[in-house]
1. Of the residues THR110, THR124, which is in contact (Cβ under 8 Å) with a residue 12 or more places away in the chain, surrounded by 10 or more Cβ atoms within 10 Å (Cβ to Cβ), out of contact with any Asp or Glu (no Cβ under 8 Å at 6 or more places or on another chain) and not acidic (Asp, Glu)?
2. Looking at THR47, THR143, which one is free of Cβ contacts under 8 Å to residues at least 12 places away in the same chain and among the polar types (S, T, N, Q)?
3. Sort out which residues of the range 119-139 are within 14 Å of ASP49 (Cα to Cα) and of a type in the set (S, T, N, Q), and write them in order of number.
4. Report, by residue number, each residue of the range 40-58 that is surrounded by 15 or more Cβ atoms within 10 Å (Cβ to Cβ) and of a type outside the set (Asp, Glu).
Amino acid sequence: MKRISLLLLLCLTFSFATAQTTASSNDKLYSIKLKEFLLITHTFDATKDIMAAQYKAMKSQMGLTDRQCDLLAGEVIEILYNHTEEIFLPVYKKVFTYEELLQLIEFYNTPLGKKMANNVVFLTNESMTQVQKIMPSLMGEITEAVEKVKQQ
């Protein structure tokens with residue numbers, strides 16, 4: 001009986017170790033493709049621009065110049081890139097399978113996908129500019145929305 005229990009424990013341990021290695025290998029492969037996806041979609045570039053703007057808004061509190069804010073944003077982006085597995089991998093795996101990630105990469109390597117990726121920052125910035133332009137005319141609707149939410 002002891003031998004059977006020991007054999008069963010040994011088999012379970014081996015199975016668990018193999019599963020962990022496979023999961024780790026799958027995560028590594030997913031991570032490599034995720035980094036590729038984040039690079040071709042200019043995610044890090046867009047985030048760097050946003051961070052630099054935020055740092056510049058706080059530059060006097062931080063004691064930095066505009067140039068230093070840009071440099072800091074670049075440094076932080078490099079840190080984020082180096083921690084893709086810890087930051088982005090769990091998030092993207094909740095939404096996209098490995099096969100779906102490959103399909104996204106395939107799309108972003110098409111002319112239309114490249115056009116989209118190359119214009120995401122522009123589209124976001126221009127959209128925010130448009131929101132700022134029409135915000136005064138929307139204040140009545142927004143005030144009504146606030147009152148509506150307060151009643152719920």
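1. Answer to the check: THR124.
2. Step by step, each of THR47, THR143 is checked, and only THR143 is free of Cβ contacts under 8 Å to residues at least 12 places away in the same chain and among the polar types (S, T, N, Q).
3. Of everything in the range 119-139, those that are within 14 Å of ASP49 (Cα to Cα) and of a type in the set (S, T, N, Q) turn out to be ASN119, THR124, ASN125.
4. ILE40, THR41, HIS42, THR43, PHE44, ALA46, THR47, LYS48, MET51, ALA52, TYR55, LYS56
Any read-out appearing in this document is the output of simple, stated calculations on the displayed coordinates, not a laboratory observation. The structure displayed is predicted, hence computed values, not measured ones. A quick note on method: Cβ atoms are made from the backbone with ideal geometry, for glycine too, and the neighbour counts reach across all protein chains shown.
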